[in-house]
């Protein structure tokens with residue numbers, strides 16, 4: 001419903017669900033931090049939506065929490 005508002009896209013709606021409503025099972029596919037983290041963590045140069053969905057399927061119903069960890073760790077993954 002939020003994306004029906006002019007200027008509100010998918011990413012904004014997902015961030016609202018995560019930070020505004022505290023939803024624990026949101027996978028923000030358009031988020032660059034998540035994409036970069038998955039790319040580094042799983043050694044995939046440019047992960048597709050399908051690859052991310054497959055990887056994240058194991059994280060349900062806590063995909064938001066997994067995303068938080070990836071956001072926090074994205075800069076440290078090169079040391080893993």
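Taken together, the values in this text are just the output of simple stated rules run on the coordinates, not laboratory data. For clarity, every value in this text was computed on a predicted model and none was experimentally measured. Cβ atoms come from the backbone with ideal geometry, glycine included; neighbour counts cover every protein chain shown.
Annotations for the structure displayed:
- For the chain, calculated [θ]222 nm from helices alone, where every DSSP H run of n ≥ 4 adds -39500 (n - 2.57): -12000 deg cm²/dmol
- Helix 32-41 axis, angle to the chain major axis (alpha carbon atoms, nearest 10°): 20 degrees
- Entry note, the chain: relative contact order of 31 percent, from Cα contacts under 8 Å with a spacing of 6+ residues.
- Remark: the chain projects, on average over all directions, an area of 5.6 nm² (convex hull of Cα atoms).
- Modelled label positions at residue 6 and residue 44, each set 7 Å beyond Cα in the direction of Cβ, lie 3.7 nm from each other.
- Degrees separating the helix 63-73 axis from the principal Cα axis of the chain, which is the longest one: 50 degrees
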